[in-house]
1. Taking θ = phi - 60°, what integer Hz values does the Karplus form 6.51 cos²θ - 1.76 cosθ + 1.60 yield along the range 292-297, in sequence order, with x for Gly and Pro?
2. Efficiency by 1/(1 + (r/R0)^6): what FRET value for Ser86 and Glu64, r their Cβ-Cβ distance, R0 = 25 Å, to the nearest 0.05?
3. Given R₀ = 45 Å, FRET efficiency for Val312-Glu472 by Cβ-Cβ distance, to 0.05?
4. What order do you get for Glu54, Glu392 when you list them from fewest to most C-beta neighbours inside 10 Å?
5. How much length is gained on full extension from Leu347 to Gln157, taking 0.36 nm per residue of separation minus their Cα-Cα distance?
6. Nearest 20 debye, what's the magnitude of the dipole of the range 345-467 about its Cα centre given +1 on Lys and Arg Cβ and -1 on Asp and Glu Cβ?
7. Report the Cα centroid-to-centroid distance between the range 286-347 and the range 172-242 in angstrom, as an integer.
8. Sort by residue number and name the cysteines in the chain that have no neighbouring cysteine Cβ under 4.7 Å.
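What follows is calculated from the coordinates using simple rules that are stated; it is not laboratory data. Worth saying up front: this structure is predicted, and the values here are computed from it rather than measured. Because the Cβ atoms are built from the backbone with ideal geometry, glycine has one as well, and the counts that use them run over all protein chains shown.
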Amino acid sequence: MSIDKYYITTPIYYVNDVPHIGHSYTTIVADTLARYFRIKLGKENVFFLTGTDEHGDKVAQSAEAKNLSPQEFCDEISAEYKEAWSLLNISNDYFIRTTDKDHEKRVKEIFTKLKNAKTPKGNDVIYQDEYEGLYCTGCEKFLTERDLEDGMCPDHQKEPEIVKEKNWFFRLSDYIKDLEAKILSGEFEILPESRKNETLGLIKQGVGDFSISRESVKWGIELPFDSEQKSYVWVDALSNYITALGYPDDLDNFNKWWPADLHLMAQDILKFHAFYWPAILMALGLELPKREFIHGFFTIDGKKMSKSVGNVISPAELVTRYGTDATRYLLLAQFSFGLESDIKVELFDEKYNADLANGLGNLVARVSNLIEKNFSGKTELKEINIKTNISENIEKYKFNEALKEINKLVAESNQLIDKEKVWELVKSEEKKAYDVLSELASNLLFIAKHLKPFMPETADKIEKIFKAGKIEKPKEALFQRI
Ligand SMILES: [Zn+2]
């Protein structure tokens with residue numbers, strides 16, 4: 001990957017849901033990549049964006065149920081996301097909210113541009129037409145197939161009616177051939193390969209125009225050319241990736257970062273990111289994001305995560321039990337990024353004890369203790385150069401593989417202590433013991449360097465211990481056994 005800047009985004013999370021392990025996972029992946037590229041390219045050359053999606057009827061209803069105004073409700077939930085990301089030590093450079101005044105103003109400008117634009121075939125990009133949808137009279141709104149359970153509105157246990165209203169539509173059909181070509185050529189990369197094939201398959205089945213406004217929605221951005229209509233999700237939410245950079249009024253900043261190097265997301269929003277978003281960008285005359293990575297959903301201990309099953313895990317629960325860095329580690333180390341995965345919570349304790357308490361934590365304690373007790377905290381640090389694929393694996397999104405390699409280095413160092421019986425060596429062959437401990441301390445600094453994107457606080461602690469003029473065993477274990 002030859003690049004000189006890196007712009008990475010998570011999806012903006014919908015405030016109708018509170019932060020859970022799914023959001024956390026995507027955000028930790030983004031954070032790991034952002035930290036990795038900050039080391040590689042320099043801090044000033046990485047921009048990491050996350051935020052919250054705050055408009056729509058569902059939000060307004062949830063607010064009403066809590067006796068809050070929609071804005072108050074959004075402020076509350078948005079703050080919960082910020083709090084969760086702070087607990088997980090997420091290093092986003094900016095947090096965008098779709099109710100930000102800057103964002104709202106810029107979305108209106110984007111709507112005006114779309115209204116004035118023509119497709120490559122010379123048609124108006126947006127046009128008015130009848131929207132036909134599934135309407136629940138109980139909810140007083142349109143539902144999507146996704147909202148239904150067994151064909152019924154889950155809130156009212158009633159089949160929705162088919163209802164028509166006038167909407168503005170985006171002429172996606174005029175862009176789909178170009179888009180297909182860009183996906184096939186790799187100019188617009190969809191990862192993993194299976195998701196690219198899924199996207200191309202959907203194009204073959206036929207992709208229609210999509211509605212970008214609603215008459216019935218009240219909590220949303222008003223269209224600048226039609227006061228009867230509010231923006232419906234897509235233009236408002238997807239545009240966050242460019243309004244956060246200042247588009248269309250701060251083009252200097254926008255041009256510094258755009259196109260995005262990576263949009264990360266889960267599979268449920270593939271269609272919107274693989275079709276709607278690139279088409280909107282083409283209509284605005286902008287470059288497409290370089291790459292999108294779509295990961296699968298989680299089950300928790302074999303069951304779908306849901307409020308009714310009661311298996312929705314909050315990041316705070318994990319951080320309370322394991323600490324920030326270990327939570328990041330447990331989520332990234334357990335399975336391959338990208339696949340549909342089952343989170344086995346009952347294995348977390350075991351993995352925590354094996355890899356962190358007995359593995360890395362114990363190694364740090366043993367080495368620092370032996371150096372402190374036998375050599376007055378002195379050692380000779382060497383530049384270690386072990387050939388690994390850790391960086392390569394991170395750039396290929398194989399985070400669990402990278403962590404496996406780091407664990408192997410930890411295990412080898414622990415084995416070296418046992419093989420050389422360093423605790424006896426310090427009495428019989430002082431010089432040799434000194435050399436072995438110097439090697440071990442140097443290995444730990446090498447390990448810390450590679451751990452930085454994953455476990456930034458732990459890496460800092462290890463560096464502090466072994467780069468100190470006098471090495472001392474830390475008063476508190478890096479990872480307390482559970
Ligand atoms: Zn309903």
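1. So the Karplus estimates, Gly and Pro as x, are 10, 10, 10, 9, x, 7 Hz.
2. Rounded to the nearest 0.05, the efficiency is 0.30.
3. On the way: r = 42 Å, r/R0 = 0.94.
Given R0 = 45 Å and the Cβ-Cβ separation, E is 0.60.
4. The most exposed by this proxy come first: Glu392, Glu54.
5. 64.6 nm
6. On the way: 20 positive and 22 negative charges, 57 e Å.
The calculation lands at about 280 debye.
7. 26 Å
8. For the chain, the answer is Cys74, because their Cβ atoms have no other cysteine Cβ under 4.7 Å.
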